[in-house]
Amino acid sequence: MRVSQSLGLLSLLFFIVNCSRVNEEEIEQEEVFEQIDDELEAVTLATDVEWEAGEGDPRASLLTGRWALKIVSSTISESVGGLGETLTEGETWFLVERDYDAATNQYVETQQLCGGIQYEARGTQSTMPTETYQSLPLNDLSDVTIDIDAGEYTLNNLVELWGINMPDPFSDNFPSSREEAEMEPYASQIYDMDGDEEHGVAINVSGIWNGTLHFIRQKNTRLNGRLIQDPDSKRVYIFGLTEHITRRDLNLRAEGPGSGLIPERVDYWQNTDARKNFFESIRLDSTDDCEAVNEAVADSHLFCDQNPYISGAASLNCYINQLVGETETQDEA
């Protein structure tokens, strides 16, 4: 019995960050961009448009409106029990609304989380209802820079605050323990985000460990990407790398056997293999909502199934090829 219990506790320790041990070859971001720039044969946005400052870039309409954003991320944390560094990988899907100020030539955008998935690791799967993802508050703290001539897109401060209202998420401290979370100012900031009458957010876990975690999270992501355009339809596709990911989780309560072994505070940092952190974004109709975003993710011809930073230009060109094919079919109809 004692041996069986020990094995069960060891399995639980493997679960705690719901991921697998890090043994990936590290690839730096600049190496990836250089590789893609060398291989990419897609057409970049036109650079021969003349316009006067203050009048606004006439090409801006190509980038405004509503967009579906799919982020694939890989983060690392230090596991407990001496098991070494471990990976947590998954996807998040956002509805992006982007506007343009012609007077200042500046873009402004917001992001609403619509859904996501955490990849299975070591036989353990973590899930949340779609409604929980969509209960995350809208992020309007981003700073976006788009250089059409250079074909570059940068988004700073894609902020996610799960179950905690932080007045200044860039400088405010995050609670280090459950005890500290019960003190001010955190006690007033932590709330029931998903409406289950429990503080924080609930996530269901099945596999090696079965139970429910109630957690809060602070996360910040930066996107650094490229713009490409289909020369026929003129529709734009944005792709690139996610970087400078910071993520802090505090497990407020755990329900399930052996829950006392689950750590309270877990900090994550970005996997330095840049191929593991990338994003894709496509234009939607002006009235589309989160349902359209999630449908776009499920529709394999709208997003490339292959990681463009492993497959190179071939996987990026799949978007243009599919888009042109779809356009031709619609024209024929």
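See the values below:
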{"item": "Matching residues, the range 189-238, being free of Cβ contacts under 8 Å to residues at least 60 places away in the same chain, of a type in the set (Phe, Trp, Tyr) and not in a strand (DSSP E or B)", "result": "Tyr191"}
{"item": "Identity of the residue in the range 263-288, touching a helix residue (DSSP H, G or I) at 6+ places or on another chain (Cβ under 8 Å) and more than 17 Å from Gln118 (Cα to Cα), that ends up surrounded by the fewest Cβ atoms within 10 Å (Cβ to Cβ)", "result": "Asp285"}
{"item": "Output for the range 272-302, where each listed residue is outside any helix (DSSP H, G or I) and at pLDDT below 85", "result": "Thr272, Asp273, Asp299, Ser300, His301, Leu302"}
{"item": "Leu136 closer than 30 Å to Arg59 by Cα and surrounded by 20 or more Cβ atoms within 10 Å (Cβ to Cβ)", "result": "no"}
{"item": "Which listed residue, of Ile228, Ile262, Ile310, Ile320, is over 14 Å from the mean Cα position of the chain (by Cα) and modelled with pLDDT of 80 or more", "result": "Ile262"}
{"item": "Filter pass, Thr86 being polar (S, T, N, Q) and part of a strand (DSSP E or B)", "result": "yes"}
{"item": "Candidate set from the range 102-119 (those that are surrounded by fewer than 16 Cβ atoms within 10 Å (Cβ to Cβ) and of a type in the set (A, V, I, L, M)); member that is nearest to Ser74 (Cα to Cα)", "result": "Val108"}
{"item": "Criterion (of a type outside the set (Val, Ile, Thr) and more than 30 Å from Tyr237 (Cβ to Cβ)) met by exactly one of Asp140, Asp149, Asp192", "result": "Asp192"}
{"item": "Test result for Thr242, of a type in the set (S, T, N, Q) and in a loop (DSSP other than H, G, I, E, B)", "result": "no"}
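The values are calculated or read from the model by the stated rules, or taken from the named source; none is laboratory data. Since the model is a prediction, treat every value here as computed from it, not as a measurement. Cβ: placed from backbone, ideal geometry, glycine included. Neighbour counts: every protein chain shown.
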